[in-house]
Each structure stands twice: as structure tokens, then as C-alpha cells.
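The values are calculated or read from the model by the stated rules, or taken from the named source; none is laboratory data. Computed from a predicted model, the values in this text were never measured in an experiment. Cβ: placed from backbone, ideal geometry, glycine included. Neighbour counts: every protein chain shown. What goes into the accessible areas is simple: the full protein's heavy atoms, side chains included, and nothing from ligands, DNA or RNA. Shrake-Rupley method; radii C 1.70, N 1.55, O 1.52, S 1.80 Å.
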There are 2 protein chains.
Amino acid sequence: MTDRKKKILGVALKLFANDGFNGTSTKKIAKEANVSEGLIFRHFGNKKGLLNALVQQAAERTSVLVAPILKEAHPKIVIQKTIELPFTITENEYSFWKLQFKLKWENDYKSNEKMKPLLDHLSWAFSALRYPEPEKEAVILNYIVESIAIGILRDGTQSHESLKTFLIEKYKTLLL
Amino acid sequence: MTDRKKKILGVALKLFANDGFNGTSTKKIAKEANVSEGLIFRHFGNKKGLLNALVQQAAERTSVLVAPILKEAHPKIVIQKTIELPFTITENEYSFWKLQFKLKWENDYKSNEKMKPLLDHLSWAFSALRYPEPEKEAVILNYIVESIAIGILRDGTQSHESLKTFLIEKYKTLLL
DNA sequence: CATAAAAGTGAGTAATCACTTGCTAATATA
DNA sequence: TATATTAGCAAGTGATTACTCACTTTTATG
């Protein structure tokens with residue numbers, strides 16, 4: 001991948017995340033990336049192709065992030081690592097996640113199956129710990145984690161830091 | 001408020017919720033509302049003015065929905081009613097809530113203070129029930145409820161119905 | 001009933017949109 | 001080194017955009 005192509009992707013990610021897909025013109029992307037507008041279409045075909053490239057990058061990045069949890073064989077640590085997940089977001093990844101969460105509302109990009117493996121592994125963990133309704137516990141924890149991620153994207157990490165230990169302790173003491 | 005004005009608001013709500021603000025043209029709104037395009041600008045000044053009118057309607061509607069919980073004086077019922085909140089969404093309100101949640105990602109309409117009174121009342125309820133960290137419990141429950149609402153908007157009510165009783169039971173048994 | 005205000009229309013308008021085309025510069029490959 | 005392929009640019013293109021304006025129709029009010 002050429003430097004200019006990477007630059008286009010980076011700028012598009014930031015602008016799509018902030019101003020939305022329809023709120024961002026290809027002209028603005030080109031200008032901010034110091035690139036001719038035509039180059040965007042040379043590389044990505046059309047505007048939607050540019051978004052698709054970003055979505056594919058995101059899918060790969062997500063699976064990398066979730067992989068260590070899926071490999072984890074100790075149920076308690078699976079839960080702990082899941083809780084810690086949103087707190088591993090660094091500021092330079094904000095645009096990335098912001099776009100991810102925004103796209104969940106677009107009809108074309110619902111794809112909630114990306115988190116399915118994590119949900120299944122969480123169910124297994126709760127089941128191993130003898131929770132009476134492991135699937136529901138998994139869904140709830142997944143919801144909590146997603147909301148925290150959204151909250152962090154809105155207000156920053158440190159405002160939620162105390163929630164992390166609180167949740168970890170909460171789930172720790174509930175395990176008997 | 002004239003019939004045509006109401007019609008414009010209704011159509012705009014649906015289209016903004018589905019296709020986004022920037023993804024919806026005033027021409028399309030006018031056509032679907034059987035109204036001249038100029039009338040939109042006569043009534044709302046500009047396109048953003050139309051969105052603002054919808055946002056204001058939403059604020060009023062939200063406070064009406066939350067009001068009975070805020071009046072509730074029994075902490076256990078405050079929690080139960082909060083859990084039940086997302087399940088009171090009917091299908092004809094989907095567009096309304098969809099737009100609400102989408103707007104949370106727009107820089108101009110973050111306004112998360114709308115739910116602040118509910119959050120405070122939840123804190124009070126958990127405090128009254130001798131939870132060691134009532135504020136955090138309130139935040140978590142609020143997150144859960146928001147996520148359920150989002151899930152319902154995505155997959156419908158009945159797929160989440162079992163979660164309701166599960167959560168109510170969960171919070172019931174934890175109270176000593 | 002007269003008249004002013006409000007509601008409503010439809011044909012514009014300049015600006016912006018995503019995208020194309022014809023071309024040159026760089027890079028890879030034989 | 002010759003040549004084919006890819007990367008990149010500048011100047012377009014028609015379509016669409018939010019919005020305006022001159023005008024007519026309806027409603028309210030003294």
C-alpha cells in the first residue's frame with residue numbers, strides 16, 4: 001500500500017468518524033490528505049469503496065483485539081479481560097471506534113456478528129462458573145462493556161477508570 | 001401547529017432516523033410529505049431548524065417518559081421501572097428513538113444531560129438500599145438500560161423480553 | 001365584509017456533490 | 001534499457017444540494 005493511499009484512509013477515517021459519511025465530501029478528504037481528488041477514485045473506485053476499505057481494516061483490527069480473550073481458558077480471566085477491553089482504547093484509536101459505533105446505525109453496515117465469538121466465549125465462562133443463566137449474563141456484560149466504550153469515546157478514559165475496578169470486584173465477589 | 005407542518009415533522013423524523021440528516025434531502029422530505037419544498041423553509045427557516053424542532057419534541061417526550069420514575073418514592077420500584085423503561089418502546093416510536101441515539105454521535109447534539117435526573121434518582125435508590133457504591137451502580141444500570149434500548153431498536157422487543165425478568169430478578173435478589 | 005397576516009406553491013439559483021477524462025510521472029518487470 | 005503497469009494530477013461534467021423569491025390561497029381579526 002502506497003503512502004498516499006494510507007494517508008487517504010487515515011484522513012477519511014477521521015472525517016467519517018467526526019462528520020459522518022454523508023457529511024464528508026471527497027473534495028475535503030483530498031484537500032486534507034494533500035492529494036488530488038481523482039486519486040481517491042483511482043484507489044477506491046468510489047466513495048463507498050473508500051468506506052468499505054475502512055470497514056475491512058476495522059474488522060481485522062477488532063479480531064486482533066478480541067483474540068487473546070478467546071484464547072483464554074480461565075473463565076474468571078475471560079470476564080476480567082472483557083471488562084478491561086474498553087479501557088485499552090488509546091486516544092489515537094478514538095476515530096476508529098467512533099466510526100465503528102456510528103456505522104452500527106447505518107442499514108448497510110449493521111454486522112453485529114463481529115462480537116459473536118466473544119459473546120459465546122463469555123457464555124462459556126459464566127457457565128463454567130455455574131451461573132444459572134450464563135447466556136443472559138454474557139449479553140448483559142457485553143452490553144455494559146459496549147456502553148463503557150461509548151462513554152469513554154465521549155468523555156475520555158479517566159472518567160470511567162473507577163468503573164473498571166468496581167466491575168471487576170463486583171464480578172469477582174459474585175463468583176463462589 | 002398546522003397539519004402540513006406536523007406532516008413535515010413526521011416525515012423528517014422517519015427519514016432522518018433511517019438515512020441520517022446529511023443523507024436526507026429537503027426535496028425528498030417535501031415529496032414524501034406531499035408538500036412544496038419551500039414550505040419546509042417557511043416553517044423551519046432552514047434544514048437544521050427542522051432538525052432542531054425534532055430535537056425539542058424529543059426532549060419533551062423523554063421527560064414525560066421519565067417523569068413517573070422520578071416521582072417514585074420506593075427505591076426497589078425505581079429500579080424495576082428503570083429496567084422496564086426500554087421495553088415500553090412501541091414500534092411507532094422506533095424512528096424517534098433511533099434518531100435520538102444517532103444524534104448522540106453528532107458533535108452538535110451530544111446533550112447527555114437529559115438523563116441526568118434519572119441517573120441521580122437511581123443513585124438515591126441504590127443508596128437507600130444500602131448498596132456500597134450507589135453512584136456506580138446507577139451508572140451501570142443506566143448503561144444496561146441504554147444498551148437494551150439499542151438492542152430492541154435493532155432486533156425488536158420480543159428478542160429481549162426474557163432479559164427484562166432476568167434483570168428484575170437479579171436486582172431483586174441482590175437487595176437484602 | 002375588508003384587510004392583514006399566515007400558509008402554501010413552484011420555478012428558479014449558485015454552490016457543491018461524486019465522479020470522469022486525458023494526461024504525465026513514477027515504478028516495476030522482461 | 002525498453003516497455004508496460006501503476007500512481008498521480010488538473011480540469012472538467014452533469015446531477016443534486018439547500019435555499020430564495022415572487023406569487024397565490026387560505027385563515028384570522030377588527
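Computed values, structure above
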| quantity | calculated |
| --- | --- |
| Relative contact order computed over chain A (Cα-Cα under 8 Å; 6+ residues apart), in percent | 21 percent |
| Accessible area buried, both sides summed, chains B and A with 1.4 Å probe, Å² | 3000 Å² |
| Shielding by other protein chains, B:150-157, mean Cβ within 10 Å | 2 |
| Per DSSP, loop trypsin sites (Lys or Arg not before Pro) in the stretch B:72-123 with at most 13 further Cβ within 10 Å | B:Lys110 |
| Position A:Ser159, label points 7 Å along Cα→Cβ, spacing to each other copy in nm (shortest first, one decimal) | 3.1 |
| The stretch B:130-172: C-alpha gyration tensor shape, a/c 1.5 cut-off, then a/b vs b/c | oblate |
| Charge context of A:Ile29, other residues only, Cβ under 11 angstrom, K/R +1, D/E -1 | +3 |
| Pseudo-label separations to other copies for B:Lys48 - Cα-to-Cβ vector, 7 Å, nm | 3.0 |
| Anisotropy class of the protein assembly as shown from Cα gyration tensor, a/c 1.5 cut | oblate |
| Length added when fully stretched, B:Lys71-B:Ser159, from 0.36 nm per residue minus Cα-Cα | 28.7 nm |
| The protein assembly as shown - accessible surface per residue (Å², probe 1.4 Å) | 51 Å² |
| Fraction of accessible area attributable to carbon and sulfur, the protein assembly as shown (%, probe 1.4 Å) | 53 percent |
| Degrees, to the nearest 10: B:134-155 long Cα axis against longest axis of chain B | 50 degrees |
